[in-house]
Amino acid sequence: MGGALRLTRARLSIRCPGLRRAWRGKNSLYYVWVLLLILANGTAWVSNSLSVPGNWLIVAFSAIFAFAVPAEAGRGIGWFGVGVLAGLALLGEVVEFAAGAAGAGKLGGSRRGMILAIVGTMIGSIGGAFVSLPVPLIGPIVGALVGGAAGAFAGAWAGEIWKGRGWQQGFEIGKGALVGRLLGTAGKLVIGALMVVIAAVDALF
C-alpha cells in the first residue's frame, strides 16, 4: 500500500509540476519549524545555568511543536515523546535538589543557610552571566556557573553566620553548598542536553 502511494505521488509530481513544488515547499516549511524548535530548546538548555527552569521550557516548546505541527509520515514529536521529556525534566530537578541538599545538608547546614544559598545562586548566576558578556557564546555560560556557585557559597555562609555559628563552620557549609551547586547544575545540564537531542531526533525521524 505504501509503495503504491509513493508511486502514485511520483506520477502526479511528474505530470503536475505545481504539485511537486507544493510538496517540496511543505517539506521545507517543516524543516524550518524543526530548526526553530532546536534553537528554542538550545536557548532553554543554556538558561539552566541562570537558575531558570530551562528543562521545563524544553518540555513546553516541544509540546507546542507537537500541538502545532502534527506528526505525519513517521516524523514529528508525539505526545509520548513529550511525556518522556517531562520525565527527564523531573529527573533533572531531583538530581539538582539532591546534589544541593547533600552538599550543605551533610555538613549540618541550616534551613536558613539553604534558603540563602538558593537566593545567592540566582543572584550570582545572573551577575556572573552579565559580567562575562564580553566573551562571546561560552562566556555567559561559564560566568553563570561560576557566579551561581559563588553565590551558593556566600548565601550558605551568610545564613550560618546569621544563625550564630562560627566562621569556620559557616565556611565549611558554604563550601559544601558550592560543590553541591556545581554537581547539581552539571547533572541538570547533562539531562537537558539529552532532552534537546531526543526532541530533535524525534522531530526529524
(request) Return a yes/no flag: does the range 190-197 have any residue that is surrounded by 24 or more Cβ atoms within 10 Å (Cβ to Cβ), of a type in the set (Val, Ile, Thr) and either more than 30 Å from VAL34 (Cβ to Cβ) or free of Cβ contacts under 8 Å to residues at least 60 places away in the same chain (or both). (result) no
(message) It is to be established whether one or more residues within the range 14-22 are touching a Leu at 6+ places or on another chain (Cβ under 8 Å), under 27 Å from ALA186 (Cα atoms) and at pLDDT below 90.
(response) no
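Specify the residue that is surrounded by the fewest Cβ atoms within 10 Å (Cβ to Cβ); the eligible residues are those in the range 133-143 that are at pLDDT below 85 and in contact with a helix residue (DSSP H, G or I) (Cβ under 7 Å, 6 or more places away or on another chain). Talk me through it step by step, then tell me what you get.
Within the range 133-143, the first condition is being at pLDDT below 85, and the residues that meet it are 133-142.
Imposing the further condition that a residue be in contact with a helix residue (DSSP H, G or I) (Cβ under 7 Å, 6 or more places away or on another chain) reduces the set to 133, 140-141.
Working: LEU133: 10, PRO140: 22, ILE141: 20.
Among them, the one singled out is LEU133.
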(message) If ARG9 meets every condition in (1) within 30 Å of ALA177 (Cα to Cα); (2) at pLDDT below 70 apart from one, which number is that one?
(response) (1)
(request) Look at ALA101 and say whether it is at pLDDT 90 or above, in a helix (DSSP H, G or I) and small (Gly, Ala, Ser). (result) no
(request) Output the residues belonging to the range 49-71 that are farther than 24 Å from PRO140 by Cβ and not in a helix (DSSP H, G or I). (result) VAL69, PRO70, ALA71
(request) Write out, first by first residue and then by second, each pair whose Cβ atoms fall under 7 Å of each other, whose residues are 6+ apart or on separate chains, and whose first residue, in the range 134-156, is closer than 25 Å to SER110 by Cβ and in contact (Cβ under 8 Å) with a residue 12 or more places away in the chain while the second is surrounded by fewer than 18 Cβ atoms within 10 Å (Cβ to Cβ) and not aliphatic (A, V, I, L, M). (result) GLY147/GLY127; PHE153/LYS175
(request) Please give the number of the condition ILE77 fails out of (1) within 30 Å of ILE173 (Cβ to Cβ); (2) in a loop (DSSP other than H, G, I, E, B); (3) touching a residue at least 12 places away in the same chain (Cβ under 8 Å). (result) (1)
(message) Looking only at residues that are in contact with a helix residue (DSSP H, G or I) (Cβ under 6 Å, 6 or more places away or on another chain) and among the charged types (D, E, K, R) in the range 147-189, which one is surrounded by the fewest Cβ atoms within 10 Å (Cβ to Cβ)?
(response) LYS163
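The values are calculated or read from the model by the stated rules, or taken from the named source; none is laboratory data. Keep in mind that this is a model prediction, so the values were computed, not measured. Neighbour counts are summed over all protein chains in view; Cβ atoms, including those assigned to glycine, are modelled from backbone coordinates with ideal geometry.
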